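Below is one structure; the comments refer to it alone.
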C-alpha cells in the first residue's frame, strides 16, 4: 500500500509553512510517490503551479484547502 501525503501546506500558507512547490514535487518524485495533496491554509494560490508541476513529474495532484470557519 502506497503512502500519500494529504496535509501539505506550501509557501502560500504564509503563516504556516515555507515549503516550495518545485522542491516538494522533486522530492516526492524521487521517493516514487504516486500522488500528492496540497491543502494550503485559506487559499488556493498555488493550485496551478502545483497541478502543472505534478503532472510534469508523473504525480497525481490532489488539491484542497484548510479553511477556518468562525461563528
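Here, each number is a calculation from the coordinates, and none is a lab measurement. Worth saying up front: this structure is predicted, and the values here are computed from it rather than measured. Note that each Cβ is placed from the backbone with ideal geometry, even for glycine, and that neighbours are counted across all protein chains shown.
Values for this structure:
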{"quantity": "Residue list for region 35-71, restricted to those being more than 25 Å from residue 15 (Cβ to Cβ) and touching a strand residue (DSSP E or B) at 6+ places or on another chain (Cβ under 6 Å)", "calculated": "35, 59, 60"}
{"quantity": "All positions within region 6-16 that are touching a strand residue (DSSP E or B) at 6+ places or on another chain (Cβ under 8 Å), surrounded by 15 or more Cβ atoms within 10 Å (Cβ to Cβ) and in a loop (DSSP other than H, G, I, E, B)", "calculated": "9, 10, 12, 13"}
{"quantity": "Evaluation of residue 54 against (1) closer than 19 Å to residue 2 by Cβ; (2) under 10 Å from the mean Cα position of the chain (by Cα); (3) assigned to a loop (DSSP other than H, G, I, E, B) (one fails), failing number", "calculated": "(3)"}
{"quantity": "Some residue of region 20-38 being buried (at least 16 other Cβ atoms within 10 Å of the Cβ), in a loop (DSSP other than H, G, I, E, B), free of Cβ contacts under 8 Å to residues at least 12 places away in the same chain and within 11 Å of the chain's Cα centre (by Cα)", "calculated": "no"}
{"quantity": "Subset tally (residues that are in a helix (DSSP H, G or I) and surrounded by 15 or more Cβ atoms within 10 Å (Cβ to Cβ)) for region 39-50", "calculated": "3"}
